[in-house]
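Colleague: After the structure tokens below, expect a handful of questions from me.
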Amino acid sequence: EAGVAQSPRYKIIEKRQSVAFWCNPISGHATLYWYQQILGQGPKLLIQFQNNGVVDDSQLPKDRFSAERLKGVDSTLKIQPAKLEDSAVYLCASSLFRNGNPYEQYFGPGTRLTVT
Amino acid sequence: KNQVEQSPQSLIILEGKNCTLQCNYTVSPFSNLRWYKQDTGRGPVSLTIMTFSENTKSNGRYTATLDADTKQSSLHITASQLSDSASYICVVSAMMPTGGFKTIFGAGTRLFVKA
């Protein structure tokens, strides 16, 4: 079974520039998550999709971050414009939805973003 | 407030030794608790998942315990290996009043295994 795919793996941009990350979840996984992980901290949920609908985006800085999951499969996360504090690893995860419970989450390798 | 606290923040042990990592949570109503291992530069990988009725679960040299009454969990690593050097993250899911689920991540314990 193929895992969660993410690209790019690394990205370096200057502040105020824009950047986009791509995620392809495990086939058949209805739930998709984007996390931000700052060095030395645990992942922080940015947005959760159930199919192509948003379940939770309460911690997404909507003035600069946006995400979409067209057709309920692949997803993109965009930052525009980037700030220095956005430097982090952006993790994508997916999971099945069993009996109303989002079960085991499978994580991609992440995209390491450096904003200079 | 739903929180997950892990201790210690970091730990150094010698290869072959055992260690125990702690996780305390205030998440309710509790749904499940998971332990993840995250190698440097990689995404987290699940080690164990426990629901309310389970109080212990093993995965090779990793054994997780759960005390739902005291809201504590531990991850015990037996006969540590150099490859166990990683961050170990405790994750707790709670059922929301709206019927959905909220997942709270701990900050992790950074384990260093030395030869």
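Colleague: Could you tell me the convex hull volume per residue, in Å³, taken over the Cα atoms of the protein assembly as shown?
Modeller: Spread over its residues, the Cα hull of the protein assembly as shown gives 129 Å³ apiece.
Colleague: Under a straight-distance cross-link criterion of Cα-Cα below 23 Å, which lysines are reachable from A:Lys71, leaving out those fewer than 8 residues away in the same chain?
Modeller: Filter leaves A:Lys62.
Colleague: Label B:Gln81 and A:Ser27 with points 7 Å out from Cα along Cα→Cβ: what is the distance between them in nm?
Modeller: Each label point lies 7 Å from its Cα, and together they span 3.1 nm.
Colleague: Provide, as a two-decimal number, the C-alpha radius of gyration of chain B over 2.2 N^0.38 Å, N being how many residues it has.
Modeller: Normalised Cα radius of gyration, chain B: 1.05.
Colleague: If you take every DSSP beta bridge fully contained in the protein assembly as shown, what fraction is antiparallel? Give it as a percent rounded to 5.
Modeller: Values: 78 of 87 bridges.
Within the protein assembly as shown, antiparallel bridges account for around 90 percent of the total.
Colleague: Let me know the whole percent of all Cα-Cα pairs from segment A:35-116 that are separated by more than 21 Å.
Modeller: Above the 21 Å cut-off, segment A:35-116 has 28 percent of its Cα pairs.
Colleague: For the protein assembly as shown, which cysteines have no second Cys with its Cβ under 4.7 Å from theirs?
Modeller: For the protein assembly as shown, the answer is B:Cys19, because their Cβ atoms have no other cysteine Cβ under 4.7 Å.
Colleague: Chains B and A: buried accessible surface, both sides, probe 1.4 Å, rounded to 100 Å²?
Modeller: 1500
Colleague: Calculate the FRET efficiency for B:Thr98 and B:Arg42 from the Cβ-Cβ distance with a Förster distance of 41 Å, rounded to the nearest 0.05.
Modeller: Rounded to the nearest 0.05, the efficiency is 0.80.
Colleague: Further, regarding this structure: ³J(HN,Hα) across segment B:16-26 via Karplus (A = 6.51, B = -1.76, C = 1.60, θ = phi - 60°), whole Hz, x for Gly/Pro?
Modeller: For segment B:16-26, the Karplus-derived couplings read x, 7, 9, 8, 10, 10, 10, 9, 10, 9, 10 Hz, x marking Gly and Pro.
Colleague: Quick check: the distance between the Cα centres of segment A:38-82 and segment B:1-62, to the nearest angstrom?
Modeller: Value for the Cα centre distance between the two parts: 25 Å.
Colleague: Got a sec to turn the phi values of segment B:90-95 into Karplus ³J(HN,Hα) couplings, 6.51 cos²θ - 1.76 cosθ + 1.60 with θ = phi - 60°, whole Hz, x for Gly and Pro?
Modeller: 9, 10, 10, 10, 10, 7
Colleague: Just to make sure I understand: if all protein chains stay in place, what is the order of B:Met50, B:Met95 by accessible area at 1.4 Å, largest first?
Modeller: B:Met95, B:Met50
Colleague: Normalising by the residue count of chain A, find the relative contact order in percent from Cα pairs under 8 Å and 6+ residues apart.
Modeller: 36
Colleague: Test of understanding: extend the Cα→C-beta vector of A:Ser18 to 7 Å, then name every residue of segment A:42-76 with backbone N under 15 Å from that spot.
Modeller: Answer for segment A:42-76: A:63-68, A:76.
Colleague: If you scale each eigenvalue of the Cα gyration tensor by 5 and take the root, what three semi-axes come out for segment B:48-115, rounded to whole angstrom and sorted largest first?
Modeller: Largest first, segment B:48-115 gives 27, 15, 9 Å.
Colleague: While we're looking at this one, here's another question. In whole percent, what relative contact order does chain B give with Cα contacts below 8 Å and a gap of six or more residues?
Modeller: 36
Colleague: Just to check I understand the Karplus step: with θ = phi - 60° and J = 6.51 cos²θ - 1.76 cosθ + 1.60, what whole-Hz values come out for segment A:5-20, glycine and proline as x?
Modeller: Calculated HN-Hα couplings, in order: 9, 9, 8, x, 7, 9, 8, 10, 9, 8, 4, 6, 7, 10, 8, 9 Hz.
Colleague: Further question on the same structure: Give the share of C-alpha pairs in each 10 angstrom bin for segment A:1-67, from 0 to the last occupied bin, in whole percents, shortest bins first.
Modeller: That works out to 17, 47, 32, 4, in percent per bin.
Colleague: On full extension of the chain, what length is gained from A:Thr116 through A:Lys78, given 0.36 nm per residue of separation minus the C-alpha to C-alpha distance?
Modeller: 12.0 nm
The values are calculated or read from the model by the stated rules, or taken from the named source; none is laboratory data. Values in this document were obtained by computation on a predicted structure and should not be read as measured data. FYI the Cβ positions are ideal-geometry reconstructions off the backbone, even for glycines, and counts take in every protein chain you see. What goes into the accessible areas is simple: the full protein's heavy atoms, side chains included, and nothing from ligands, DNA or RNA. Shrake-Rupley method; radii C 1.70, N 1.55, O 1.52, S 1.80 Å.
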